[in-house]
Every structure is written in structure tokens, then in C-alpha cells.
Amino acid sequence: MYQDLGKGIFCIEAMYQRPGLASCYLLQEGDAAVLIDTGTTHTVSTIMQLLEQQGLQPQQVRYVMPTHVHLDHAGGVGELMQRLPEAQLVVHPFGARHMIDPTKLTAGATAVYGEEKFREDFGELKAVPEQRVIEAQDGYTLDLNGRQLVCLDTPGHARHHYCVYDEHSNGFFTGDTFGISYREFDNHNGQYIFAPSTPVQFDPDTWHKTIDRLMDYKPQQMYLAHYGRINDIPDMAEKLHRCLDAYVQLSKSVTKDNRYEQLLSGLKDIYLEQLRQHDCNLPVDRQEELLGLDLDINAQGIEVWLQRQEQASD
Ligand SMILES: [Zn+2]
């Protein structure tokens, strides 16, 4: 249910939708630990088991750090904070109010998924007392027994997104900002990666700049929420830039009628072509199965981005 990546870093299977889709991380330094992303309420028991296995008491977890408030990353925050009595919640300033009062997040997600599916996927979102919340401004730095963790404001996927730089491993915990790379696609060519253009704050121009900013640190690895650790970072960054370009190109080719359907089929073409270039030898129906949920969400996100531009120019 988790993988020891060395340097005190553990990748935890979040059990969201299917194994291998979403993960979160425990970072341990001596007698203290932080959690970066939380998965959903259903991930909490796995996290508590890992703490026990590592000989960590719940009160030794100092910080809970959801990279952003999308629910596969922050859905478990409220429940987890109740189980970790000494932890403070480190959240982007734009996400903080949704953790203190999750009513809007619950309503938004229930509207998208329906009540039953929402409960099944995410459980119940619980509020976090305001006095336990730290709003992490750009550059906010934590010290975990001498190990520095730096929070960088990283808009592009979402405006309420930050990434965590860990100097000790020369790596970033990137949430969704450095793309999605499922391990099922790993082959002799390395890793396959694409950008999640999730609703409602996808912004390709900003995202390009954010990727460049992360690359300024010359990171050797990235710890992705979807899924696990990747390397070959310069190559991955280039692929993400080209993926964003392909989305923008696609958005210019669609007409207003049935726009979602056109985006969906256009995205499918983009991914299948990327996978062909990656020399992926999985059957096409398996490729589509692995990307099915992302196809839908990314098409929706590009559509919302287009609508936002139209409203701005009205
Ligand atoms: Zn997200």
C-alpha cells in the first residue's frame, strides 16, 4: 500500500478510483513527519497504518500539506487533522477558506458527481479549525528537524496550488502541477506524461511559466500525486510544454456547437498519438481505459477555460 523511496520519503497509495491512480506522501525526518497531499477520507486508515509501521506517534506529524484543494488531494484533510492532534494545516491562501468550511467544496463536487458517488469516492469532508491553518505564501519555508521544505506558488493547473521543494532529495512534491504520469505506461522509452487541464482554473500561459520556474531549481526528481516518483525531468518538462501547446491548438480548432464532444475526441487523438510516439505497446482499449477519467475531466477543463475567455471578452 506504500513504497519506501528513500531519504525518508514514502509514496502512499490513495485508493481513489483504482490502484495506481492517486498517491500521497509521508516525509519523515528523525522524530518528525509531514504529509504531502492526503488522498480522500478513505486514504486515512492507510496513512495511520504507515505511521505506526514507522514507529511514529500521531502527534509527531507536524504538518499536513495538501498541494491544492481538489478532493483527490485534500479530501482527507479534515478527518486526518482530527487524528493528528499536533499537526498544522499548510494550505495555499486561495484554498484556506475551503478547508475551514468545506461546504462549497462538498456542494461543487456533489453537483459534478452526484451525492452517492461523492460519498463513495470521497466520504465526508470535515472542517478544520481556523487556528490550525497556516496560509503558505510563496516562499514559505518549514523546518523539519533541519530539513527545509519550501512552498512555491504554482498556478496553471489551479490558482490554489503550491509545490513543495525538498532540498535534501533535490525534488519537488508537485501535486498536479508537473503533470500526470501513470506507471502502467512505463516502458523502454521511460515515462509517459500529460497535463491535467482540470476545471475550473486551468490556465496554459501561467502553467508554462510555472514549469520553467520549477525547472530553475534543476530538480532530479518529481514526486507526483498521479503517480509516484519520476525522473528524466528536463525531458518531462519539455513534453508538458508541448502537451499544453497541443491543448491550445485543439481549442482553436473546435466550434461552439458540441464543443465538449469535439474536445473529447480531439484530446483522445492527442493522447493516442503521444502514446504512439512513446512506443506504447498496451492495447488501445487499455490505453483508453487508463485515460478515460482524465479525458472527460480535461475536456471539461479546456471548455471552462474557453468560456472564461469568452466572458472576459464580452
Ligand atoms: Zn488537481
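The values are calculated or read from the model by the stated rules, or taken from the named source; none is laboratory data. The shown structure was predicted, so the numbers you read here are calculated from the model rather than taken from an experiment. Note: ideal-geometry Cβ built from the backbone for every residue, glycine included; neighbour counts use all protein chains shown.
Give the residue that is surrounded by the most Cβ atoms within 10 Å (Cβ to Cβ), with candidates limited to residues of segment 287-314 that are assigned to a helix (DSSP H, G or I) and more than 23 Å from the chain's Cα centre (by Cα).
Residues of segment 287-314 assigned to a helix (DSSP H, G or I): 287-313.
Filter again for more than 23 Å from the chain's Cα centre (by Cα), leaving 307, 309-313.
Numbers: 307: 13, 309: 11, 310: 10, 311: 8, 312: 7, 313: 6.
Per the stated criteria, the residue is 307.
Checking residue 219 against (1) outside any helix (DSSP H, G or I); (2) in contact with a helix residue (DSSP H, G or I) (Cβ under 7 Å, 6 or more places away or on another chain); (3) within 16 Å of the ligand (Cβ to nearest atom), which test does it fail?
(3)
Return only the number of the condition from (1) within 11 Å of the ligand (Cβ to nearest atom); (2) touching a helix residue (DSSP H, G or I) at 6+ places or on another chain (Cβ under 7 Å) that residue 201 does not satisfy.
Status for residue 201: all satisfied but (2).
Checking residue 258 against (1) under 22 Å from residue 149 (Cβ atoms); (2) more than 16 Å from the ligand (Cβ to nearest atom), which test does it fail?
Result: residue 258 fails condition (1) only.
Specify which of the listed residues (226, 208, 188) is surrounded by fewer than 18 Cβ atoms within 10 Å (Cβ to Cβ), in contact with a Leu (Cβ under 9 Å, 6 or more places away or on another chain) and assigned by TED's automatic domain parsing to the domain that holds residue 162. Outline the logic, then answer.
Values: 226 fails: surrounded by fewer than 18 Cβ atoms within 10 Å (Cβ to Cβ); 188 fails: in contact with a Leu (Cβ under 9 Å, 6 or more places away or on another chain).
208 is the lone residue from the list that is surrounded by fewer than 18 Cβ atoms within 10 Å (Cβ to Cβ), in contact with a Leu (Cβ under 9 Å, 6 or more places away or on another chain) and assigned by TED's automatic domain parsing to the domain that holds residue 162.
Hey, can you tell me all the residues within segment 2-28 that are of a type outside the set (S, T, N, Q) and closer than 21 Å to residue 119 by Cα?
Of the residues in segment 2-28, the ones of a type outside the set (S, T, N, Q) are 2, 4-16, 18-22, 24-27.
Within segment 2-28, 13, 14, 15, 16, 18, 19, 20, 21, 22, 24 qualify.
I'd like to check which strands (runs of 3 or more DSSP E) are fully inside segment 41-144 and have at least 2 residues that are under 20 Å from the mean Cα position of the chain (by Cα) and surrounded by fewer than 19 Cβ atoms within 10 Å (Cβ to Cβ). Reasoning before the result, please.
Values: elements: 61-65, 88-91, 133-135, 141-144.
Strands (runs of 3 or more DSSP E) meeting the threshold: 133-135.
Would it be correct to say that residue 225 is closer than 22 Å to residue 306 by Cβ, at pLDDT 95 or above, within 16 Å of the ligand (Cβ to nearest atom) and within 13 Å of the chain's Cα centre (by Cα)? Step through it out loud before you land on a result.
Values: closer than 22 Å to residue 306 by Cβ: no; at pLDDT 95 or above: yes; within 16 Å of the ligand (Cβ to nearest atom): yes; within 13 Å of the chain's Cα centre (by Cα): yes.
Answer is no for this residue.
Give me a count of the residues in segment 174-214 that are without any contact (Cβ under 8 Å) to a residue 40 or more places away in the chain and within 13 Å of the chain's Cα centre (by Cα).
We begin by selecting, within segment 174-214, every residue without any contact (Cβ under 8 Å) to a residue 40 or more places away in the chain; these are 186, 205, 212.
When the remaining residues are screened for being within 13 Å of the chain's Cα centre (by Cα), the result is none.
Residues flagged as without any contact (Cβ under 8 Å) to a residue 40 or more places away in the chain and within 13 Å of the chain's Cα centre (by Cα) within segment 174-214 amount to 0.
Please verify whether segment 134-145 includes one or more residues that are in contact with a Phe, Trp or Tyr (Cβ under 8 Å, 6 or more places away or on another chain) and within 16 Å of the ligand (Cβ to nearest atom).
For segment 134-145, residues in contact with a Phe, Trp or Tyr (Cβ under 8 Å, 6 or more places away or on another chain) and within 16 Å of the ligand (Cβ to nearest atom): absent.
Which numbered condition in (1) assigned by TED's automatic domain parsing to the domain that holds residue 9; (2) touching a strand residue (DSSP E or B) at 6+ places or on another chain (Cβ under 6 Å); (3) within 16 Å of the ligand (Cβ to nearest atom); (4) of a type outside the set (Gly, Ala, Ser) is the only one that residue 243 fails?
Only one criterion is unmet by residue 243, namely (1).
Being buried (at least 23 other Cβ atoms within 10 Å of the Cβ), among the small types (Gly, Ala, Ser), farther than 30 Å from residue 285 by Cα and in contact (Cβ under 8 Å) with a residue 40 or more places away in the chain: is that true of residue 171 here? Let's see the steps before the verdict.
Details: buried (at least 23 other Cβ atoms within 10 Å of the Cβ): yes; among the small types (Gly, Ala, Ser): yes; farther than 30 Å from residue 285 by Cα: yes; in contact (Cβ under 8 Å) with a residue 40 or more places away in the chain: yes.
Here the answer is yes, as residue 171 does meet what is asked.
Taking residue 260 and the conditions (1) out of contact with any Asp or Glu (no Cβ under 7 Å at 6 or more places or on another chain); (2) without any contact (Cβ under 8 Å) to a residue 60 or more places away in the chain; (3) of a type in the set (Phe, Trp, Tyr), which numbered condition does it fall short on, given that it satisfies the others?
Residue 260 satisfies every listed condition except (1).
Of the conditions (1) in contact with a Leu (Cβ under 8 Å, 6 or more places away or on another chain); (2) in a loop (DSSP other than H, G, I, E, B); (3) away from the ligand (no atom under 16 Å from the Cβ), residue 178 satisfies every one except a single condition; which number is it?
Residue 178 satisfies all of (1) in contact with a Leu (Cβ under 8 Å, 6 or more places away or on another chain); (2) in a loop (DSSP other than H, G, I, E, B); (3) away from the ligand (no atom under 16 Å from the Cβ) except (3).
For segment 99-127, give me the residue count where each residue is farther than 28 Å from residue 18 by Cβ and among the β-branched types (Val, Ile, Thr).
Here the count works out to 2.
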